[in-house]
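The values are calculated or read from the model by the stated rules, or taken from the named source; none is laboratory data. Keep in mind that what you see is a predicted model, and the values were worked out from it rather than measured. Neighbour counts run over all protein chains shown; Cβ positions are idealised from the backbone, glycine included.
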Amino acid sequence: MWTLAEFSKIETDPLRKSVVDTLIMESNMLELVPWETIGTLSTTVVKIQDLPSVGFRKINANYTEATGHFEQKTETISLLGGMVRTDQALARAKNTIADARAIMQNLMVKAMAYKFNDRVINGNPATDPDEFKGLYQRVDDVVAEGYTEQFIDCGGTYGAARDAGILYDTANSHNFLNKLDQLIYSISGHNPDLLLMNKKTLLAVRALLRKERLLDQGRDSFDRLVDVYSGARLVDIGVKADQVTEIITNTEDPQGIYTSDLSTSIVAVKFGIGDMFWGICEYPLEVVDDGKVQGTTYYNTQVDFPVGLAHINPRSIGRLANIFPDSTVAS
């Protein structure tokens, strides 16, 4: 088990370390998710389907024979990465304020982080077979398997209450906190590691928790202030590479719960390799500086990170939907 934050501390190659540091600076998921190196393009995970039955027996009698059952499923690798080409004229220019190759590499790595964040939530191999399955699809899967408590309706109301969201009045605020606690309790051990949401939801939840004196705070690996509730870090999953579109939007369809498409969600995850939710990679992140490519007019840098996600315990993930965070929810 290793995380990119831990990997950065021991990395000695300056180029790869700069890439790793950019990734974990731009993505809390890449910073904190534990990685398992599997050495293949797919792996089979085994989860408990049901436990054997047990009972009592009479004197001189035998116990009834029983066995538990297991279920196998396959998790696959997606090839995430990028290649940056910098014209030799730009790379050699002496009148620039920064190294052109370094700037282009930094932009490409940031785009990788945003792409990973997006697919962690919205990845759907049914629409794009080259990407891994994200948390929305995974929660839908476990609900279909019968774990209906992993998808929770916040029960957002309409009219004035919706316009002001979870901060509208005490009743709305307490309803939201009750549902958030229900989400937390649905996770194995009742202590998720992360609560993923968008910016507006984070600001509204932070305000509510501060008002109720329930907000804890700590520091991450970059000494940045982080918000914590009930032991779980509150994380703004951020925007897509266009720097505008929210990964978790404020215009979600609450899946038949109501008719409005003006709500949002919070997703809970609990990490643990082999028994909860974790990341898989064929091999650790690679950064290759090809230098000046022979017969061309450009320098080339490649970043390659074949990654995927995996979960075994259906209670390692959960989603709280139909949230109206504040008065700007529809903007």
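Only one of the numbered conditions (1) surrounded by fewer than 18 Cβ atoms within 10 Å (Cβ to Cβ); (2) touching a helix residue (DSSP H, G or I) at 6+ places or on another chain (Cβ under 9 Å); (3) not in a loop (DSSP other than H, G, I, E, B) is not met by P125, and that is (3). Checking R57 against (1) among the charged types (D, E, K, R); (2) touching a residue at least 60 places away in the same chain (Cβ under 8 Å); (3) exposed (fewer than 12 other Cβ atoms within 10 Å of the Cβ), which single condition isn't satisfied? Condition not satisfied by R57: (2).
Filtered by the rule that a residue be without any contact (Cβ under 8 Å) to a residue 60 or more places away in the chain and under 24 Å from T170 (Cβ atoms), the stretch 218-250 gives D227, V228, Y229, S230, A232, L234. Being within 25 Å of R315 (Cα to Cα), surrounded by fewer than 21 Cβ atoms within 10 Å (Cβ to Cβ) and modelled with pLDDT under 90 is a property that holds for D253.
Applying the set (1) surrounded by 14 or more Cβ atoms within 10 Å (Cβ to Cβ); (2) in contact (Cβ under 8 Å) with a residue 60 or more places away in the chain; (3) of a type outside the set (D, E) to A100 leaves exactly one unmet item: (2). Taken over the stretch 181-192, the criterion of being at pLDDT below 95 and surrounded by 17 or more Cβ atoms within 10 Å (Cβ to Cβ) is satisfied by S188 alone. Filtering the stretch 171-228 to residues that are part of a strand (DSSP E or B) and not aliphatic (A, V, I, L, M) leaves D216, Q217, G218, R219, D227. All conditions but one from (1) touching a strand residue (DSSP E or B) at 6+ places or on another chain (Cβ under 7 Å); (2) within 30 Å of L41 (Cβ to Cβ); (3) at pLDDT below 90 apply to A241; the one that does not is (1).
Listed here are the residues, each with its yes/no results for (1) within 18 Å of F271 (Cα to Cα); (2) at pLDDT 80 or above; (3) surrounded by fewer than 17 Cβ atoms within 10 Å (Cβ to Cβ).
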{"position": "M1", "(1), (2), (3)": "yes, no, yes"}
{"position": "T12", "(1), (2), (3)": "no, yes, yes"}
{"position": "R16", "(1), (2), (3)": "no, yes, no"}
{"position": "M29", "(1), (2), (3)": "yes, yes, no"}
{"position": "S42", "(1), (2), (3)": "no, yes, yes"}
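All told, T37 falls short of being more than 30 Å from D220 (Cα to Cα) and either at pLDDT below 80 or out of contact with any helix residue (DSSP H, G or I) (no Cβ under 6 Å at 6 or more places or on another chain) (or both). Of all the residues in the stretch 277-293, those that are within 20 Å of the chain's Cα centre (by Cα), among the aliphatic types (A, V, I, L, M) and in a loop (DSSP other than H, G, I, E, B) number 1. For T64, the stated conditions do not hold, so it cannot be described as at pLDDT 80 or above, exposed (fewer than 12 other Cβ atoms within 10 Å of the Cβ) and assigned by TED's automatic domain parsing to the domain that holds V287.
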